[in-house]
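In what follows, a structure is listed as structure tokens, so that the remarks can point back to it.
Read-outs throughout are calculated quantities, based only on the coordinates presented, and are distinct from any laboratory measurement. In this text the structure is predicted, and so the values were computed from the model without any measurement. Cβ placement follows ideal geometry from the backbone for every residue including glycine, while neighbour counts extend to all protein chains displayed.
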Amino acid sequence: MLPKRYRYTGRMPAWAWIAVFGLCIAAALPVFRTSSVTESGSELRALEAERERLTSEIRSLAAHVGQLGSLARIQQQAVERLRMVHAVPTTVLEVDSAPPARTLPARFLPASDSSGAEAPLHGGDRLEPEQHAARPVWRAILDVLVFD
């Protein structure tokens, strides 16, 4: 007969339970690792799909902005919304004669010389009033305000 420790009692020894539990954990580790990798991969594919969708939306919006800035659309909007009309052709006339002399009020004309003829004004000439202090105030105000 076998010693008591080698006899089958119907129960599994503790070391066998530990070995079975260790084998189950060792078998489950690749499954857990694979599931986390699979989950990360599916999340990565979802993010890539989102990026592609956003990229196509950006391209679509850029095309829409290009259409909004087109000359034909701007002209259409100007006619419809702003009620503008198309420009008519203009005619340019060239005149060979000199323009008529400008007439100035007497207070802006230069003083006449001894012969009675007045000297014409040139482009940058400035008329200086003579006897500034001797003139009445109301006359100085009227000189500032140009009345024809």
Beta carbons within 10 angstrom, averaged per residue: use that to sort the peptides 68-81, 88-101, highest first.
68-81, 88-101
Fully extended, how many nm does the chain gain between residue 18 and residue 88 (0.36 nm per residue separation, minus their Cα-Cα distance)?
15.2 nm
I'd like the per residue volume of the convex hull spanned by the Cα atoms of the range 12-80, given in cubic angstrom.
72
Placing each pseudo-label 7 Å from Cα in the direction of the beta carbon, residue 72 and residue 52 end up separated by a distance in nanometres of 3.3
